[in-house]
1. Suppose the chain between Ser19 and Asn42 were pulled fully straight at 0.36 nm per residue; how much longer would it get relative to their current alpha carbon spacing?
2. Which shape class applies to the stretch 147-242: rounded if a/c is under 1.5, otherwise prolate when a/b exceeds b/c and oblate if not, where a ≥ b ≥ c are the square roots of the Cα gyration tensor eigenvalues?
3. For the stretch 72-156, give the share of DSSP beta bridges that are antiparallel, in percent and rounded to the nearest 5; count only bridges with both residues there.
4. Calculate the tail of P(r) for the stretch 115-162: the fraction of all Cα-Cα distances greater than 15 Å, expressed in %.
5. What residues have an amide H closer than 5 Å to that of Arg37, excluding those fewer than 5 places away on the same chain, when H is modeled at 1.01 Å from N in the peptide plane?
6. Relative contact order for the stretch 163-245: what is it in percent, counting Cα pairs under 8 Å that are at least 6 residues apart?
7. For the stretch 145-245, what proportion of DSSP beta bridges, expressed in % and rounded to the nearest 5, is antiparallel?
8. For the chain, give the share of DSSP beta bridges that are antiparallel, in percent and rounded to the nearest 5; count only bridges with both residues there.
Amino acid sequence: MNDAARGRDLLDALPESLSAERIVALNQSRTDLHGRREYEWNGLRFEVPPGVFLPGHTSRMIYDRLFDGRIEVRGRRYVAMGVGLGVEAVAAGLAGAREIHAVDVHSDSVATAARHFERHVGSSARSPLVPVVADVFEGFPDGARADVITFNPPAVRQPVSDDPDVVRNVCEGTPLLERFFAQLAAREILAPGGEVFVVASTTADLRGIVGHALEHGFVPEIRDLHDWQDGVVTHLFRFVRQAAA
């Protein structure tokens, strides 16, 4: 079976999204973005300014794996898409990434990530952090390439608030992922042998997300699943470029 056929089989096997009512109910606790908060990971403390996303359990599916090598970044060029607070960038720096781009559409998030990287990794980093304020890859440095890209997108498919900060952090939905894969393919950012890891759950349109990836030449596999016992099942997808025919 070729890559395209395997991808279609995976697409067909993905679960449907939860109901709109259930999605809204599950996401009410994630809408407090306007106060100052704190976060701790691996003994490190992070200050969370207003408007910056406070990581949840799904985010840990990425940065724990960056830190322990299940997502291998040592000596590789890494892009933290939607970097938010910067935990992924810190984890990659501590794991020995060759180069790190910290990308977010929100300038305060990029600045926050850079501060935390300097505090927790600083001069011990093997290579510099490159802060990038960009709408997905619009504004990403020309000619830059990545060996590993991670993204925990605000892919909730149902609007849960009219607050623009909540929308940006929680429920941009599937169109954001369509832009992500379209720009990734058009700009040829992913280096040969590169990997893209995306977290999405049954609060998102999983079939829509994976369908867009396939349309743009990215082959999916499910690297991990977590059932939260409340109807939400979170998928950690790994995508690679489809092999040339």
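1. Between Ser19 and Asn42, full extension yields 4.8 nm more.
2. The shape class here is oblate.
3. Of the beta bridges lying entirely in the stretch 72-156, close to 10 percent run antiparallel.
4. 66 percent
5. Hits under the 5 Å cutoff: Val48.
6. Answer for the stretch 163-245 is 32 percent.
7. 75 percent
8. Restricted to the chain, the bridges split so that about 55 percent are antiparallel.
Just so you know, all these numbers are worked out from the coordinates, no wet-lab data involved. Because the structure is predicted, anything quoted here is derived from the model rather than measured. Cβ: placed from backbone, ideal geometry, glycine included. Neighbour counts: every protein chain shown.
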